[in-house]
Amino acid sequence: MKTFEYRIHKKIQEIYSVEPNDLGLGILTNYYKRFTAYLKTLPFIFIIPLSFVFAFVLYFLFGKLMVRLVTILQYGF
Amino acid sequence: MAFDRKIFTDIHMVLLISFFTSLILIVRNFVFLIFSPYKTLRKISFEKDYYQPLTIFIGVFLYFKFVYFLRDKPYPATFIFLIFVINFFLTIIFFYFLTRFFDSDQNEKRITFFSFIFTFSYSLFPTLIWFLSTSILYVFLPPPRTISLLGKAFSIFFVAFSLSLLVWKLILFYLSVRFSSKQNFYRILYMIILYLVWFIPYSIFLYYLKIFRIPFI
């Protein structure tokens, strides 16, 4: 039976398998960590609404061209 | 003879049980990849159950078999699957050898080729979902799309759907390279740029051969 200490040890090994990212500049690293924090857990909470907003913006900018793009994409498989 | 038959049946049972166990783990990992891709892919990079990537590859093969009946004058599904496998292993080999080239001797033992196989197999999920859903939509809502209200509404929905899957794919792709190569952000970015330098012309070549219109990776 695996002990609690064994599981903790394995978990810590897994967590520290990669070094934390350092982008050289403190401010860059700070913004990188803030941005990626949203993508590490439940990213779809942000991805889905932002995708719809982007799709609407694309439609308002390109109109009929977007409908043509979708026609091309539907043949893409 | 009865003893040989028993061993044969036992081996089959073991294979079947291993396959179904891997299938359950794949479904579990798939759900966790939606909710916490970072922790899940980190765990996947340590996996050693080879039935899992094998099962995912069987799923991809079944997809190509399904799509064979929808396409106009297609290549055989087995041939397309072979090209996909070549693309997949070319990608993995490229990243693996680039990582070994960049990395110091200290990390040599921690970087394994099989870690790349596991993480990149799981990063196929967004691709598979998009291709499968597009194929099914081709049956129920065949193109071309019109500029009617329903056509525009569907176009907006399809673009949002495709964008969501693309962002998820990019996240899983980055995390696959990160956890398998164990490199920092700049090195990963550099490796991805080097990868695109040959992958984009290669994809265009496959497009002209009418094998893949959109790269299946």
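The values are calculated or read from the model by the stated rules, or taken from the named source; none is laboratory data. Given the structure is predicted, the values throughout are model-derived calculations rather than measurements. Here the Cβ positions follow ideal geometry from the backbone for every residue, glycine too, while neighbour counts run over all protein chains shown. Heads up: the accessible areas ignore ligands, DNA and RNA and are worked out on the full protein's heavy atoms, side chains in. Shrake-Rupley method; radii C 1.70, N 1.55, O 1.52, S 1.80 Å.
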Among B:Pro142, B:Pro74, B:Pro53: highest mean-square fluctuation, GNM of chain B, C-alpha pairs under 10 Å: B:Pro142
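Averaged across orientations, what area in nm² does the convex hull of the alpha carbons in the protein assembly as shown project?
Answer in nm², one decimal: 21.2.
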Pop a pseudo-label 7 angstrom from the Cα along the beta-carbon direction at both B:Lys48 and B:Lys210 and give the gap in nm to one decimal. 4.8
What is the magnitude of the charge dipole of the stretch B:1-149 about its Cα centre, with +1 placed on the Cβ of each Lys and Arg, -1 on the Cβ of each Asp and Glu, and no other charges, expressed in debye to the nearest 20? 260
Summed for both chains, how many Å² of accessible area, to the nearest 100, are buried between B and A with a 1.4 Å probe? 3900
Using a Gaussian network for chain B with springs between C-alpha atoms less than 10 Å apart, which of these wobbles most: B:Ser133, B:Ser148, B:Ser36? B:Ser148
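So what is the calculated 222 nm ellipticity per residue for chain B, using -39500 (n - 2.57) for each DSSP H run with n of 4 or more, over all residues, to the nearest 500 deg cm²/dmol? Intermediate values should be presented prior to the final figure.
On the way: 8 runs with 169 residues, N = 217.
For chain B, the value works out to -27000 deg cm²/dmol.
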I want to check the label-to-label distance for A:Tyr32 and B:Tyr202. Put each point 7 Å from Cα in the C-beta direction and report it in nm to one decimal. 2.7
Roughly speaking, what is the centre-to-centre gap between the stretch B:139-163 and the stretch B:34-51 when only Cα atoms are used, to the nearest Å? 34
Three principal axis extents, largest first, for the C-alpha atoms of the stretch B:89-149, in Å? 61, 19, 19
Gain on full stretching of the segment that runs from A:Thr71 to A:Val57 - 0.36 nm per residue minus C-alpha separation: 3.2 nm
Which residue fluctuates the most in chain A, going by a Gaussian network model with Cα springs under 10 Å, if the choices are A:Tyr16, A:Tyr38, A:Tyr59? A:Tyr16
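Share of chain A's accessible area from carbon and sulfur, percent, 1.4 Å? Mind showing how you got there, number by number?
Numbers: 4200 of 5870 Å².
Its accessible area is 71 percent carbon and sulfur atoms.
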Acute angle (nearest 10 degrees) that the helix A:26-40 long axis makes with the longest principal axis of chain A, alpha-carbon atoms: 80
Within chain B, which whole H helices from DSSP have a Cα span along their axis of at least 24 Å and a mean Kyte-Doolittle hydropathy of 0.5 or more, if any? B:2-35, B:51-68, B:77-102, B:149-181, B:185-208
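Mean separation of Cα pairs under 8 Å and 6+ residues apart, divided by the residue count of the stretch B:72-217: what relative contact order is that in percent? Could the numbers behind the result be given before it?
Values: 70 pairs, mean separation 53.5, N = 146.
Answer for the stretch B:72-217 is 37 percent.
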